[in-house]
Amino acid sequence: MKVPLLDLRAQFATIRAEVREAIDRVCESQHFILGPEVAALEEAITTLCGARFAIGVSSGTDALLMSLMALGIGPGDEVITTPYSFFATVGVIARVGACPVFVDIDPATFNLDMTAVSAKITSRTKAIMPVHLFGWCIDMNPMLDVSKERGIAVIEDAAQAIGAKDSKGRQAGTIGAMGCFSFFPSKNLGAFGDGGMVVTNDEKLAETLRMLRVHGARPKYYHRMVGGNFRLDALQAAVLRVKLKHLAAWTAARQGNAQRYRMLFQEMGLVERVVLPEDIPGHSYNQFVVRFPDRDRLRGFLRERDVETEVYYPLPLHLQECFQGLGYRDGDFPQAEAAARESLALPIHPEITETQQRYVVSQIREFYGG
Ligand SMILES: *Cc1c(COP(=O)(O)O)cnc(C)c1O
């Protein structure tokens, strides 16, 4: 049985008519950059998140980059973040010329260890960038207290966590100074290309972000700062507006699939051998990541049986070749390094069937000799 990691064609089949109508609307208008479609999407995102402002941008990476630019972060500044994330989180810190300072992860949440952050704060620390990895919006209170006291901004990398909530019901992305979402097609709310969004409750930051998005100009051709082309396309916004209406149902389906995996792992006697993600109510399950002993061999075994999986991420960021100059070494962040060795994402998309999930877990059981 074939089990894909993600099935966007199956998803498209359920919304084809609505999406085509939205695309036609943009084609008829011939208004392709920003404009009413983007404004309407921004409005819908503020409603979803309960944030005051939302700024549609060109990608999740650019959302993160602009957040650092809006705070004026650059050479000589430090930004504290996690070594276990998608490259963009740290790439943007390096791109503005600041220095990434890593804190190891909490193995349970895959996010940076909140209690270890304060020890890494120096007079140069300008921001902290937690990452709500795999869709788990963790409780950031210990870190928020410290950052408030020291006047340090928190930028949430919520690229994988749109619609996720922390234990107090707060939406991912709305808890720090700015929150960044990605609409890369594999995210829970995926465009038909690249796209992203920054949300904030701070009016001045929102204004700066809007300016940065259009090369720092206001009015047009009068540049107050050096920004970039960080604009979102109207076509992407139109598609995203259609998909946004289904997001709550898709997230609920992912959450249901997570519960079904838990039941199946239990039923097949595997819960002692693997580490399942904790059962957290607000988790949006962009990924269902399990820690497996002998992960690489298991992955090969599943591939032979047509089960697609993915390793997020095989090499922690402090060990990437391009960051050799930072002077980190193997062994510096043991929790991130262990996660990179043991983690495997199983298919959890809303369209997966019970039969497929049962097949996945039964193959895992066979691998471990059950
Ligand atoms: C996807 C992702 C990004 C980057 O988003 P893009 O839209 O692909 O630029 C940043 N951080 C994390 C954690 C991500 O998963």
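Computed over the range 83-187, the percent of Cα pairs more than 16 Å apart is 55. GNM, the chain, Cα, under 10 Å: largest mean-square fluctuation among PHE183, PHE102, PHE323? Highest fluctuation of the listed residues: PHE323. Based on the reciprocal of the average 1/r between different C-alpha atoms, the Kirkwood radius for the range 247-367 equals 15.6 Å. Calculated from the alpha-carbon coordinates, the chain shows an Rg and a Dmax of 20.7, 68 Å respectively.
Backbone geometry of the range 193-208 corresponds, through the Karplus equation with coefficients 6.51, -1.76 and 1.60 at θ = phi - 60°, to 3J(HN,Hα) couplings of x, 8, x, x, 8, 10, 10, 7, 9, 9, 4, 5, 4, 4, 5, 4 Hz, x marking Gly and Pro. Each Lys and Arg adds +1 at its Cβ and each Asp and Glu adds -1 at its Cβ; summed about the Cα centre, the chain shows a dipole of about 600 debye. Under 5 Å between amide hydrogens, built in the peptide plane, is the criterion, and for GLU310 it picks out ALA345 among residues at least 5 positions away or on other chains. Phi-derived couplings, Karplus 6.51 cos²θ - 1.76 cosθ + 1.60 at θ = phi - 60°, listed residue by residue for the range 153-169: 7, 9, 10, 8, 7, 9, 3, 9, 10, 5, x, 7, 10, 7, 5, 9, x Hz, with x used for Gly and Pro. Of LEU326, ALA336, GLN255, which is farthest towards the positive pole of the range 247-367's charge dipole, taken about the Cα centre with +1 and -1 on the beta-carbons of Lys, Arg and Asp, Glu respectively? In the range 247-367, that residue is GLN255.
If eta is 1.002 mPa s and T is 20 °C, what Stokes-Einstein diffusion coefficient results for the range 146-271, Kirkwood Rh from Cα pairs, in µm²/s? Rounded, D is 125 µm²/s. The helix-based estimate of mean residue ellipticity at 222 nm for the chain, built from -39,500 (n - 2.57) per DSSP H run of four or more residues and divided by its residue count, is -12500 deg cm²/dmol to the nearest 500.
Taking amide H as placed 1.01 Å from N in the peptide plane, ALA191 has its amide H under 5 Å from the amide H of PHE184, each at least 5 places away in sequence or on another chain. Which of VAL92, VAL19, VAL289 ends up with the largest GNM mean-square fluctuation for the chain, with Cα atoms connected below 10 Å? Taking springs between Cα atoms under 10 Å, the residue moving most is VAL19. What the phi angles of the range 219-231 give under the Karplus curve with 6.51, -1.76 and 1.60, with θ = phi - 60°, is a coupling list of x, 3, 6, 10, 9, 7, 8, 8, x, x, 8, 10, 8 Hz, glycine and proline written as x. Ignoring lysines fewer than eight residues from LYS243 along the same chain, the ones with Cα atoms less than 23 angstrom from its Cα are LYS165, LYS187. In whole angstrom, how far apart do the alpha carbon centroids of the range 87-112 and the range 205-241 sit? Rounded to whole Å, the Cα centres lie 25 Å apart.
No value in this document is a laboratory result; all are computed from the given coordinates. Not measured: the values here are computed from a predicted model. Note that we place each Cβ from the backbone using ideal geometry, even for glycine, and neighbour counts take in every protein chain shown.
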